[in-house]
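The values are calculated or read from the model by the stated rules, or taken from the named source; none is laboratory data. Note that the structure is predicted; figures quoted are calculated from it, not measured. Glycine also receives a Cβ, built like all others from the backbone with ideal geometry; neighbour counts cover every protein chain displayed. Please note that ligands, DNA and RNA were not included when accessible areas were found on the heavy atoms of the full protein model with its side chains. Shrake-Rupley method; radii C 1.70, N 1.55, O 1.52, S 1.80 Å.
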Amino acid sequence: MILQKGTRAPDFELNSTPDQKLKLSDLKGQLVILAFYPADWSPVCSDQMGLYNETLSFFHKYNAQMIGISVDSKWCHLAFSKHRNLHFPLLADFEPKGKVSKEYGAYNEKEGTSLRALFVLDENATIQWSYLSPEGINPGADGILNALEELNKEKNKK
Amino acid sequence: MAKLNTPVGPRDHIIGKPSAPITLVEYGDYECSHCGHAYPLIKKLLKQFNNELLFVFRNFPLQESHPDAMAAAEVAEAAGLQNKFWEMHDLLYEHQDELDENNFGYFAETLDLKMDKFQNDRNSSAVTSKIESDFESGIRSGVNGTPTFFINDKRLDNYDATYESLADAVMQAE
(Lines give C-alpha, C1' and ligand atoms only; values in the text may rest on other atoms or scores of the structure.)
Protein backbone atom coordinates (compact mmCIF):
# COMPACT_ATOMS: atom_id res chain seq x y z
CA MET A 1 0.00 0.00 0.00
CA ILE A 2 1.24 3.50 -0.74
CA LEU A 3 1.93 5.87 2.16
CA GLN A 4 -1.22 7.52 3.41
CA LYS A 5 -2.32 10.91 4.69
CA GLY A 6 -0.70 11.93 7.96
CA THR A 7 2.54 10.04 7.30
CA ARG A 8 5.80 11.93 7.27
CA ALA A 9 7.27 11.82 3.76
CA PRO A 10 10.58 9.90 3.78
CA ASP A 11 13.44 12.22 2.82
CA PHE A 12 15.54 11.44 -0.23
CA GLU A 13 18.25 12.89 -2.42
CA LEU A 14 18.17 11.96 -6.11
CA ASN A 15 19.64 13.27 -9.35
CA SER A 16 17.48 15.86 -11.06
CA THR A 17 20.02 16.40 -13.86
CA PRO A 18 23.26 14.56 -14.66
CA ASP A 19 25.20 16.91 -12.35
CA GLN A 20 22.60 18.12 -9.86
CA LYS A 21 20.80 16.47 -6.99
CA LEU A 22 17.56 17.45 -5.36
CA LYS A 23 16.92 16.81 -1.70
CA LEU A 24 13.32 16.72 -0.52
CA SER A 25 14.13 18.41 2.80
CA ASP A 26 15.57 21.38 0.90
CA LEU A 27 12.05 22.15 -0.26
CA LYS A 28 10.77 22.67 3.27
CA GLY A 29 8.33 25.55 3.44
CA GLN A 30 6.83 24.72 0.04
CA LEU A 31 4.03 22.41 -0.91
CA VAL A 32 5.39 19.50 -2.92
CA ILE A 33 3.68 17.20 -5.40
CA LEU A 34 5.45 13.88 -5.95
CA ALA A 35 4.34 12.07 -9.08
CA PHE A 36 5.77 8.56 -9.31
CA TYR A 37 5.28 7.08 -12.78
CA PRO A 38 6.33 3.92 -14.59
CA ALA A 39 8.48 5.11 -17.46
CA ASP A 40 9.70 7.96 -19.63
CA TRP A 41 8.57 7.79 -23.27
CA SER A 42 5.26 6.06 -22.53
CA PRO A 43 3.13 6.06 -25.66
CA VAL A 44 -0.05 7.97 -24.83
CA CYS A 45 -0.40 11.31 -26.59
CA SER A 46 0.33 14.12 -24.16
CA ASP A 47 0.90 11.67 -21.32
CA GLN A 48 0.85 12.38 -17.64
CA MET A 49 4.09 14.38 -17.39
CA GLY A 50 3.12 16.40 -20.47
CA LEU A 51 -0.19 17.20 -18.84
CA TYR A 52 1.45 18.36 -15.61
CA ASN A 53 3.76 20.49 -17.69
CA GLU A 54 0.71 22.29 -19.09
CA THR A 55 -0.81 22.72 -15.65
CA LEU A 56 2.23 24.06 -13.78
CA SER A 57 0.71 27.52 -13.62
CA PHE A 58 -2.22 26.08 -11.67
CA PHE A 59 0.12 24.34 -9.22
CA HIS A 60 2.23 27.47 -8.82
CA LYS A 61 -0.84 29.41 -7.71
CA TYR A 62 -0.65 27.30 -4.56
CA ASN A 63 3.14 27.66 -4.30
CA ALA A 64 3.43 23.95 -5.01
CA GLN A 65 6.47 22.34 -6.63
CA MET A 66 5.84 19.45 -9.03
CA ILE A 67 8.39 16.62 -9.07
CA GLY A 68 8.29 13.53 -11.26
CA ILE A 69 10.04 10.32 -10.16
CA SER A 70 10.73 7.11 -12.05
CA VAL A 71 13.46 4.48 -12.17
CA ASP A 72 14.80 5.82 -15.48
CA SER A 73 18.37 7.09 -15.44
CA LYS A 74 19.39 10.74 -15.27
CA TRP A 75 20.42 10.67 -18.94
CA CYS A 76 17.12 9.20 -20.00
CA HIS A 77 15.27 11.86 -17.99
CA LEU A 78 17.38 14.56 -19.61
CA ALA A 79 16.49 13.40 -23.12
CA PHE A 80 12.81 12.93 -22.27
CA SER A 81 12.58 16.28 -20.53
CA LYS A 82 14.20 18.10 -23.45
CA HIS A 83 12.02 16.33 -25.98
CA ARG A 84 8.82 17.29 -24.16
CA ASN A 85 9.94 20.78 -23.02
CA LEU A 86 9.25 19.86 -19.41
CA HIS A 87 9.62 22.70 -16.94
CA PHE A 88 9.81 20.69 -13.73
CA PRO A 89 12.40 18.22 -12.40
CA LEU A 90 12.36 14.49 -13.06
CA LEU A 91 14.22 12.50 -10.45
CA ALA A 92 16.10 9.29 -11.18
CA ASP A 93 15.27 6.56 -8.65
CA PHE A 94 17.91 4.54 -10.38
CA GLU A 95 20.55 3.34 -7.91
CA PRO A 96 19.73 1.43 -5.81
CA LYS A 97 16.90 0.86 -8.22
CA GLY A 98 13.49 1.95 -6.95
CA LYS A 99 14.68 2.57 -3.38
CA VAL A 100 12.62 5.74 -2.90
CA SER A 101 9.60 4.34 -4.72
CA LYS A 102 9.69 1.35 -2.36
CA GLU A 103 9.80 3.61 0.71
CA TYR A 104 6.62 5.28 -0.50
CA GLY A 105 4.98 1.94 -1.29
CA ALA A 106 4.95 2.94 -4.92
CA TYR A 107 7.00 0.19 -6.56
CA ASN A 108 5.84 -2.57 -8.87
CA GLU A 109 8.10 -5.54 -8.11
CA LYS A 110 6.89 -7.52 -11.09
CA GLU A 111 7.59 -4.84 -13.70
CA GLY A 112 10.53 -3.29 -11.91
CA THR A 113 9.08 0.21 -12.26
CA SER A 114 7.46 2.81 -10.04
CA LEU A 115 3.69 2.66 -9.76
CA ARG A 116 1.59 5.58 -10.91
CA ALA A 117 1.17 7.20 -7.51
CA LEU A 118 0.65 10.79 -6.42
CA PHE A 119 1.49 12.48 -3.12
CA VAL A 120 0.80 16.02 -1.97
CA LEU A 121 3.05 17.14 0.90
CA ASP A 122 2.50 20.14 3.14
CA GLU A 123 5.18 22.66 4.17
CA ASN A 124 6.47 20.25 6.83
CA ALA A 125 6.76 17.31 4.43
CA THR A 126 3.76 15.51 5.89
CA ILE A 127 1.67 13.65 3.34
CA GLN A 128 -1.73 15.33 3.08
CA TRP A 129 -3.11 13.36 0.15
CA SER A 130 -2.05 10.30 -1.77
CA TYR A 131 -3.52 8.40 -4.67
CA LEU A 132 -2.64 5.22 -6.51
CA SER A 133 -3.91 5.28 -10.07
CA PRO A 134 -5.31 2.11 -11.63
CA GLU A 135 -2.86 0.58 -14.07
CA GLY A 136 -2.83 2.22 -17.47
CA ILE A 137 -4.95 5.18 -16.42
CA ASN A 138 -3.48 8.64 -16.34
CA PRO A 139 -4.97 10.21 -13.20
CA GLY A 140 -5.05 13.77 -14.54
CA ALA A 141 -4.52 16.78 -12.31
CA ASP A 142 -7.91 17.24 -10.66
CA GLY A 143 -7.10 15.20 -7.54
CA ILE A 144 -3.90 17.18 -6.97
CA LEU A 145 -5.68 20.51 -7.39
CA ASN A 146 -8.47 19.49 -5.02
CA ALA A 147 -5.88 18.49 -2.41
CA LEU A 148 -4.00 21.78 -2.82
CA GLU A 149 -7.25 23.71 -2.53
CA GLU A 150 -8.14 21.86 0.70
CA LEU A 151 -4.73 22.64 2.19
CA ASN A 152 -5.13 26.27 1.27
CA LYS A 153 -8.56 26.44 2.91
CA GLU A 154 -7.24 24.96 6.14
CA LYS A 155 -4.33 27.37 6.19
CA ASN A 156 -6.69 30.30 5.78
CA LYS A 157 -8.80 29.06 8.68
CA LYS A 158 -5.83 29.16 11.04
CA MET B 1 -14.14 8.32 -11.14
CA ALA B 2 -13.46 11.70 -12.72
CA LYS B 3 -16.53 13.86 -13.29
CA LEU B 4 -17.26 16.88 -15.42
CA ASN B 5 -16.79 19.81 -13.09
CA THR B 6 -18.39 22.50 -15.25
CA PRO B 7 -21.88 21.76 -16.61
CA VAL B 8 -22.69 22.40 -20.25
CA GLY B 9 -23.82 26.00 -20.54
CA PRO B 10 -24.51 28.89 -22.89
CA ARG B 11 -20.82 29.50 -23.66
CA ASP B 12 -20.40 26.00 -25.04
CA HIS B 13 -20.40 25.05 -28.71
CA ILE B 14 -22.99 22.35 -29.21
CA ILE B 15 -24.36 20.06 -31.89
CA GLY B 16 -27.78 18.58 -31.16
CA LYS B 17 -30.64 19.47 -28.90
CA PRO B 18 -29.89 20.57 -25.33
CA SER B 19 -32.77 18.30 -24.30
CA ALA B 20 -31.08 15.20 -25.76
CA PRO B 21 -30.81 12.38 -23.19
CA ILE B 22 -27.08 11.82 -23.74
CA THR B 23 -24.40 14.48 -23.62
CA LEU B 24 -20.95 13.81 -25.00
CA VAL B 25 -18.30 16.39 -24.14
CA GLU B 26 -14.93 16.28 -25.88
CA TYR B 27 -11.85 18.10 -24.65
CA GLY B 28 -9.69 18.38 -27.72
CA ASP B 29 -6.66 19.96 -29.31
CA TYR B 30 -6.63 20.79 -33.03
CA GLU B 31 -3.05 19.69 -33.48
CA CYS B 32 -3.35 16.39 -31.59
CA SER B 33 -3.36 13.48 -34.03
CA HIS B 34 -5.51 11.35 -31.70
CA CYS B 35 -8.17 14.07 -31.80
CA GLY B 36 -7.86 14.11 -35.57
CA HIS B 37 -8.44 10.38 -35.52
CA ALA B 38 -11.55 10.81 -33.33
CA TYR B 39 -13.00 13.57 -35.53
CA PRO B 40 -14.68 11.31 -38.14
CA LEU B 41 -15.75 8.91 -35.40
CA ILE B 42 -17.73 11.70 -33.75
CA LYS B 43 -19.34 12.58 -37.09
CA LYS B 44 -20.43 8.98 -37.49
CA LEU B 45 -21.68 8.86 -33.91
CA LEU B 46 -23.79 11.97 -34.42
CA LYS B 47 -25.36 10.36 -37.48
CA GLN B 48 -26.08 7.08 -35.73
CA PHE B 49 -27.53 8.58 -32.54
CA ASN B 50 -28.98 11.67 -34.17
CA ASN B 51 -31.63 13.10 -31.82
CA GLU B 52 -30.42 11.27 -28.77
CA LEU B 53 -27.02 12.92 -28.61
CA LEU B 54 -25.81 16.37 -27.67
CA PHE B 55 -22.16 16.93 -28.61
CA VAL B 56 -20.02 19.61 -26.96
CA PHE B 57 -16.46 20.56 -27.91
CA ARG B 58 -14.19 22.31 -25.42
CA ASN B 59 -10.64 23.52 -26.08
CA PHE B 60 -7.73 21.79 -24.44
CA PRO B 61 -4.67 23.02 -26.34
CA LEU B 62 -1.46 21.37 -25.11
CA GLN B 63 0.84 24.21 -25.97
CA GLU B 64 4.13 22.67 -24.91
CA SER B 65 3.74 19.66 -27.18
CA HIS B 66 1.70 21.31 -29.94
CA PRO B 67 3.01 24.74 -30.93
CA ASP B 68 0.08 25.58 -33.23
CA ALA B 69 -2.71 24.26 -31.00
CA MET B 70 -3.43 27.53 -29.24
CA ALA B 71 -3.51 29.56 -32.46
CA ALA B 72 -5.88 27.01 -33.99
CA ALA B 73 -8.19 27.16 -30.96
CA GLU B 74 -8.23 30.97 -31.27
CA VAL B 75 -9.10 30.70 -34.94
CA ALA B 76 -12.02 28.38 -34.18
CA GLU B 77 -13.33 30.61 -31.41
CA ALA B 78 -12.94 33.74 -33.54
CA ALA B 79 -14.95 32.04 -36.28
CA GLY B 80 -17.48 31.20 -33.58
CA LEU B 81 -18.02 34.91 -32.98
CA GLN B 82 -19.32 35.01 -36.58
CA ASN B 83 -21.42 31.89 -36.01
CA LYS B 84 -19.03 29.64 -37.95
CA PHE B 85 -17.44 27.71 -35.11
CA TRP B 86 -18.30 24.23 -36.37
CA GLU B 87 -17.42 25.02 -39.96
CA MET B 88 -13.98 26.19 -38.84
CA HIS B 89 -13.66 23.26 -36.42
CA ASP B 90 -14.17 20.88 -39.35
CA LEU B 91 -11.69 22.68 -41.59
CA LEU B 92 -9.04 22.62 -38.87
CA TYR B 93 -9.40 18.91 -38.27
CA GLU B 94 -9.59 18.12 -41.97
CA HIS B 95 -6.31 20.00 -42.52
CA GLN B 96 -4.65 19.13 -39.27
CA ASP B 97 -1.20 18.74 -40.80
CA GLU B 98 -1.36 22.16 -42.42
CA LEU B 99 -2.12 24.45 -39.50
CA ASP B 100 -0.34 27.67 -40.32
CA GLU B 101 -0.99 31.38 -40.70
CA ASN B 102 -1.62 31.19 -44.46
CA ASN B 103 -4.19 28.49 -44.08
CA PHE B 104 -5.93 30.16 -41.16
CA GLY B 105 -6.54 33.13 -43.43
CA TYR B 106 -7.54 30.90 -46.28
CA PHE B 107 -10.04 28.97 -44.12
CA ALA B 108 -11.55 32.23 -42.89
CA GLU B 109 -11.98 33.45 -46.48
CA THR B 110 -13.49 30.13 -47.49
CA LEU B 111 -16.08 30.59 -44.76
CA ASP B 112 -16.80 34.16 -45.88
CA LEU B 113 -15.81 35.61 -42.55
CA LYS B 114 -15.43 39.36 -42.18
CA MET B 115 -11.65 39.35 -42.22
CA ASP B 116 -10.99 42.47 -40.10
CA LYS B 117 -13.23 41.24 -37.37
CA PHE B 118 -11.81 37.74 -37.56
CA GLN B 119 -8.21 38.94 -37.21
CA ASN B 120 -9.09 41.27 -34.33
CA ASP B 121 -11.09 38.64 -32.50
CA ARG B 122 -8.36 36.03 -32.58
CA ASN B 123 -6.40 37.69 -29.81
CA SER B 124 -9.31 39.35 -28.07
CA SER B 125 -9.95 38.77 -24.39
CA ALA B 126 -13.30 37.17 -25.23
CA VAL B 127 -11.54 34.45 -27.21
CA THR B 128 -8.60 33.88 -24.86
CA SER B 129 -10.80 33.80 -21.77
CA LYS B 130 -13.09 31.23 -23.41
CA ILE B 131 -10.12 28.97 -24.21
CA GLU B 132 -8.59 29.41 -20.76
CA SER B 133 -11.85 28.64 -19.02
CA ASP B 134 -12.32 25.55 -21.20
CA PHE B 135 -8.82 24.42 -20.28
CA GLU B 136 -9.31 25.05 -16.57
CA SER B 137 -12.65 23.25 -16.53
CA GLY B 138 -10.89 20.32 -18.20
CA ILE B 139 -8.11 20.23 -15.64
CA ARG B 140 -10.62 20.38 -12.80
CA SER B 141 -12.64 17.59 -14.40
CA GLY B 142 -9.72 15.18 -14.67
CA VAL B 143 -8.92 15.57 -18.36
CA ASN B 144 -5.79 13.46 -18.70
CA GLY B 145 -4.79 13.94 -22.31
CA THR B 146 -6.48 14.60 -25.60
CA PRO B 147 -9.04 13.67 -26.56
CA THR B 148 -10.82 13.12 -23.25
CA PHE B 149 -14.54 12.39 -23.45
CA PHE B 150 -17.25 12.73 -20.85
CA ILE B 151 -20.58 10.96 -21.30
CA ASN B 152 -23.31 12.40 -19.10
CA ASP B 153 -20.62 13.98 -16.95
CA LYS B 154 -18.58 10.82 -16.37
CA ARG B 155 -15.09 10.55 -17.82
CA LEU B 156 -14.90 7.83 -20.43
CA ASP B 157 -11.86 5.69 -19.62
CA ASN B 158 -12.68 2.88 -22.06
CA TYR B 159 -12.19 4.81 -25.29
CA ASP B 160 -9.55 2.90 -27.24
CA ALA B 161 -9.57 4.90 -30.49
CA THR B 162 -12.24 2.66 -32.04
CA TYR B 163 -15.73 3.67 -33.10
CA GLU B 164 -17.16 0.73 -31.16
CA SER B 165 -15.75 1.92 -27.86
CA LEU B 166 -17.55 5.26 -28.31
CA ALA B 167 -20.80 3.76 -29.59
CA ASP B 168 -20.86 1.17 -26.76
CA ALA B 169 -20.37 3.86 -24.17
CA VAL B 170 -23.21 5.93 -25.64
CA MET B 171 -25.50 2.89 -25.75
CA GLN B 172 -24.72 2.05 -22.15
CA ALA B 173 -25.65 5.57 -21.16
CA GLU B 174 -29.07 5.23 -22.79
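By DSSP, what percent of the beta bridges with both residues in the protein assembly as shown are antiparallel, rounded to the nearest 5?
65
Quick one: putting +1 on the C-beta of Lys and Arg, -1 on the C-beta of Asp and Glu, what dipole do you get for the protein assembly as shown around its Cα centre, in Debye to the nearest 20?
1240
Note on the range A:29-157: with charges restricted to the Cβ of Lys and Arg (+1) and Asp and Glu (-1), its dipole about the Cα centre is near 200 debye. The simple spin-label model puts a point 7 Å past each Cα toward its Cβ; for B:SER19 and B:GLU136 those points are separated by 3.4 nm. Over the residues of chain B, the helix contribution to mean residue ellipticity at 222 nm works out to -15000 deg cm²/dmol, using -39500 (n - 2.57) for each DSSP H run of at least 4.
At a probe radius of 1.4 Å, figure out the B/A buried accessible area, summed over both chains, and give it in Å² to the nearest 100.
Approximately 1600 Å² gets buried when B meets A.
Per residue, the solvent-accessible area of the protein assembly as shown (1.4 Å probe, heavy atoms of protein chains only, all protein chains present) comes to 47 Å². Burial of accessible area (probe 1.4 Å, heavy atoms of protein chains only) in the range B:134-150, relative to its chain alone, reaches at least 30 Å² for B:PHE135, B:GLU136, B:ILE139, B:ARG140, B:ASN144. Candidates B:ASN83, B:PRO147, B:HIS95 compared by Cα position along the dipole of chain B: farthest toward the positive end lies B:ASN83, with charges placed on Cβ.
Peptide B:31-42 has a mean of 1 when you count, residue by residue, the C-beta atoms of other protein chains within 10 Å of its C-beta.
Counting only C-alpha contacts under 8 Å and six or more residues apart, can you give the relative contact order of the range A:29-157 as a whole percent? Intermediate results must be reported in sequence, preceding the final value.
Numbers: 208 pairs, mean separation 40.1, N = 129.
Relative CO of the range A:29-157 lands at 31 percent.
In whole percent, and with a 1.4 Å probe on the protein chains, what portion of the accessible area of the range A:1-84 is carbon and sulfur?
Taking all protein chains in place, the range A:1-84 shows 54 percent carbon and sulfur surface.
Pairs of Lys residues in the range A:29-157 that lie 8 or more places apart, or on two chains, and have C-alpha atoms under 25 angstrom apart add up to 13.
Inter-part distance, the range B:6-31 to the range A:71-109, computed on C-alpha centroids, equals 38 Å. Entry note, the range B:36-174: relative contact order of 28 percent, from Cα contacts under 8 Å with a spacing of 6+ residues.
Near B:SER125: Cβ cut-off under 13 Å, other residues only, Lys/Arg at +1 and Asp/Glu at -1. The net charge is -2.
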